[in-house]
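Okay, structure first, notes after.
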């Protein structure tokens with residue numbers, strides 16, 4: 001299996017950090033995604049975040065679902 005590149009690691013860490021900052025679990029994220037019309041399974045989301053392999057669209061949907069207004073990227 002290929003190793004995560006730095007961009008994938010940064011994307012995954014950014015999204016995981018935002019979830020933690022907001023106190024949102026993966027189970028809660030699934031519910032919030034469903035509220036905006038995106039159906040995912042908790043295992044799929046956990047896999048995406050652990051591998052860092054997800055689209056920019058998925059990341060934006062997650063950030064929208066958890067009501068992130070401002071995101072700091074360094």
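The table below gives the values:
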{"quantity": "Using a Förster distance of 22 Å, the FRET efficiency for residue 53-residue 26 (Cβ separation, nearest 0.05)", "calculated": "0.90"}
{"quantity": "222 nm mean residue ellipticity, helices alone, for the chain (DSSP H n ≥ 4; -39,500 (n - 2.57); rounded to 500)", "calculated": "-19500 deg cm²/dmol"}
{"quantity": "Shape category assigned to region 24-74 from the gyration tensor of Cα positions, a/c cut at 1.5", "calculated": "oblate"}
{"quantity": "Label-point separation in nm, residue 38 to residue 7, each point 7 Å along Cα→Cβ", "calculated": "1.9"}
{"quantity": "Label-point gap, in nm, between residue 74 and residue 46 - each point 7 angstrom along Cα→Cβ", "calculated": "3.0"}
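Where a number appears in this text, it was derived from the coordinates with a stated rule and is not lab data. Note that the structure is a prediction, hence the values are computed from the model and not measured. Here the Cβ is made from the backbone with ideal geometry for all residues, glycine too, and neighbour counts use every protein chain on show.
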